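Student: Below is a structure I'd like to ask you about.
The values are calculated or read from the model by the stated rules, or taken from the named source; none is laboratory data. It should be emphasised that the depicted structure is a prediction, and the values quoted were computed from it without experimental measurement. Cβ coordinates were reconstructed from backbone atoms using ideal geometry, including for glycine residues, and neighbour counts include every protein chain displayed. These accessible areas exclude ligands, DNA and RNA; they are computed on the full protein's heavy atoms, side chains included. Shrake-Rupley method; radii C 1.70, N 1.55, O 1.52, S 1.80 Å.
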Amino acid sequence: MIDAREAAAYNKKVLEAGTDQQRWNQFRLYSDSKDPNRLKVPMILAIGLEMKLDPKKGDISIEKSGQKQVFKIDDAVGSGANTCPKYSVRILDALSTYAMIEKSCSISEYVPGKYHMGVDYYLYDMQTATLRSVWEGSSTEKVSPFPRPKPAPQVKKISNGYQLDWSATDPSNKQDGKINIHTKYVREKDHQTGKTELVCTDLTAAKGEEHGGACEGGILPLILNQMAQTQ
């Protein structure tokens with residue numbers, strides 16, 4: 001009970017007086033949390049920007065007063081066999097207009113005899129209302145090191161977008177655990193739809209294949225973009 005009270009007091013102190021980085025390090029959002037206060041975390045406290053998780057719907061939202069962007073990050077509860085029924089979400093890095101987000105799936109026997117655990121990294125861009133995968137790692141072995149690579153990816157802001165130059169080690173990959181990714185994400189206007197999109201280029205790919213390879217990670221479905229409606 002003493003440990004629990006001390007932990008609660010520390011969490012309260014971090015929420016009220018800590019840095020944004022301390023809050024990201026301290027708080028994960030868990031899909032099995034019942035307390036609504038444990039399903040949100042300040043992203044940039046000074047401007048009231050926060051990340052929320054709705055595990056019943058499988059949605060994640062980035063929002064502040066008058067603005068809200070919602071993305072589908074997992075299956076809704078009861079939607080069928082889900083390889084990732086229990087997961088956590090946390091912020092690795094963020095500014096007022098972007099974030100790097102990690103989703104970790106606990107080991108699960110989602111059907112008899114079949115197991116899954118994994119880690120996904122997503123790049124969020126507010127301007128284009130995009131949440132896209134930049135790396136996915138998983139293991140189907142019942143006993144295996146958790147596939148969280150070290151170090152975690154860090155994105156550098158560049159003109160009109162971002163660049164990811166990432167070398168890491170995946171502990172669950174016994175044969176070749178080395179990861180080397182060099183990608184660029186730039187905002188470009190689609191001439192057919194007129195919408196601005198976050199377009200990925202694999203900087204190590206051969207000519208004509210720049211949008212494949214490390215760029216094959218999917219863009220998560222956008223459920224709501226309230227910013228566009230209020231502009």
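Student: For Ser144, which of the numbered conditions (1) farther than 22 Å from His182 by Cβ; (2) modelled with pLDDT under 95; (3) open to solvent by 30 Å² or more (accessible area, probe 1.4 Å) fails to hold?
Tutor: (3)
Student: Go through (1) open to solvent by 60 Å² or more (accessible area, probe 1.4 Å); (2) under 26 Å from Lys72 (Cα atoms) for Cys105 and report which single condition fails.
Tutor: Only one criterion in (1) open to solvent by 60 Å² or more (accessible area, probe 1.4 Å); (2) under 26 Å from Lys72 (Cα atoms) is unmet by Cys105, namely (1).
Student: Looking only at segment 209-221, which residues are farther than 13 Å from Thr128 by Cα, open to solvent by 70 Å² or more (accessible area, probe 1.4 Å) and at pLDDT 90 or above?
Tutor: Glu209, His211
Student: Quick one: count up the residues across segment 50-84 that are part of a strand (DSSP E or B) and under 16 Å from the mean Cα position of the chain (by Cα).
Tutor: Residues that pass the stated criteria total 14.
Student: Being surrounded by fewer than 17 Cβ atoms within 10 Å (Cβ to Cβ), more than 13 Å from Gly137 (Cα to Cα) and in contact (Cβ under 8 Å) with a residue 12 or more places away in the chain is the filter here, so list the residues in segment 167-194 that pass it.
Tutor: Ser167, Asn180, His182, Val186, Arg187
Student: Filtering segment 108-131 down to residues that are in a strand (DSSP E or B) and among the β-branched types (Val, Ile, Thr), which residue is most open to solvent (accessible area, probe 1.4 Å)?
Tutor: Only one residue tops the list, namely Val111.
Student: In addition: Before we move on, is Ala46 under 21 Å from Gln22 (Cβ atoms), open to solvent by 60 Å² or more (accessible area, probe 1.4 Å) and among the aliphatic types (A, V, I, L, M)?
Tutor: Taking the combined requirement at face value, the residue satisfies it.
Student: Further question on the same structure: I'm trying to understand the selection: among the residues of segment 203-231, which are over 22 Å from Met126 (Cα atoms), under 21 Å from the mean Cα position of the chain (by Cα) and either of a type in the set (Phe, Trp, Tyr) or not in a helix (DSSP H, G or I) (or both)?
Tutor: Once the filter is applied, which keeps residues that are over 22 Å from Met126 (Cα atoms), under 21 Å from the mean Cα position of the chain (by Cα) and either of a type in the set (Phe, Trp, Tyr) or not in a helix (DSSP H, G or I) (or both), segment 203-231 yields only Gly212.
Student: Also, I was wondering about something else. Return the total of residues in segment 153-166 being part of a loop (DSSP other than H, G, I, E, B) and either open to solvent by less than 60 Å² (accessible area, probe 1.4 Å) or closer than 20 Å to Ser138 by Cβ (or both).
Tutor: Summing the residues that are part of a loop (DSSP other than H, G, I, E, B) and either open to solvent by less than 60 Å² (accessible area, probe 1.4 Å) or closer than 20 Å to Ser138 by Cβ (or both) in segment 153-166 gives 1.
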